[in-house]
1. Give the carbon-plus-sulfur fraction of the accessible surface of segment 20-92 in %, rounded to a whole number; probe 1.4 Å, heavy atoms of protein chains only.
2. From the convex hull of the Cα coordinates of segment 1-87, what is the mean projected area in square nanometres?
3. Largest first, what is the accessible-area ranking of Lys39, Lys84, Lys126 with a 1.4 Å probe?
4. How far is it, in nm, from the label point at Ser6 to the one at Arg43 when both lie 7 Å from their Cα along the line to the Cβ?
5. Over segment 1-96, give the accessible area per residue in Å² for a 1.4 Å probe, as an integer.
6. Given R₀ = 35 Å, what would the calculated FRET efficiency be for Gln21 paired with Asp132, taking r from the Cβ atoms and rounding to 0.05?
7. When the dipole is taken about the Cα centre of segment 2-51, and only Lys, Arg (+1) and Asp, Glu (-1) are charged at their Cβ, what size is it in debye, to the nearest 20?
8. Charges at C-beta only: +1 for Lys and Arg, -1 for Asp and Glu. How large is the resulting dipole of segment 18-138 about its Cα centre, in Debye rounded to 20?
Amino acid sequence: MTTSSSLPADTTAERIVRHFQAEGFPGITEAVLVRIRLKKGDRLEVDAAFDRALARDAAPPVQEYFQIQLYGFYSEIRSLLNIKTAFADDFTSGLRAELPSIYFDAAPVVANDALATGTKYDAMLKLGDNADGYAVAVLLNDPTSSFFEYMESHVGYDWATIIGTLGAAATSFVADEDLL
């Protein structure tokens, strides 16, 4: 089952999946692109709030500081409705804890949740710098392999050939739809 939608970055999502499959990772069958906007605060405030939450073994305060919107989607295994419904569970606390880095740090940024299983995303990538106040991140999952195995075998890879121009894509979008 190949499922796509009519989101602005669907073509990019499909290119990302096809790239990883061609590079020997057939288990990567889905890519979800999200736009991340800072609601309030600066790097110091956000980092402090996330650090406090982690020190208490609490969930990071994602909804207080960030807006996360669906931006692109491609899947060979599930529908867009399934993605939206499961997003709160599939976007693990390990990846949520990395949102300040994804938003504030210069690209490329790679976050990994080595404990993710099943449909849970095990990698979040920021491959381009922020545009118009948004960071664009790619969520990937391969239940049969670690994303860092891929990264270690492709040191110095030119990510621009995978994703095209995310910066320009981030400025064109449809009606906002928050995922969290």
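The values are calculated or read from the model by the stated rules, or taken from the named source; none is laboratory data. Everything numeric in this text was worked out from a predicted model, so none of it was measured. Every residue, glycine as well, gets a Cβ built from its backbone with ideal geometry; the counts of neighbours run over all protein chains shown. The accessibility values were calculated without ligands, DNA or RNA, using every heavy atom of the protein model including side chains. Shrake-Rupley method; radii C 1.70, N 1.55, O 1.52, S 1.80 Å.
1. 51 percent
2. 7.3 nm²
3. Lys39, Lys84, Lys126
4. Computed distance between label sites Ser6 and Arg43 equals 4.1 nm.
5. Details: 4330 Å² over 96 residues.
Counting only protein heavy atoms, the per-residue value for segment 1-96 is 45 Å².
6. 0.65
7. 220 debye
8. Magnitude of the dipole: close to 320 debye.
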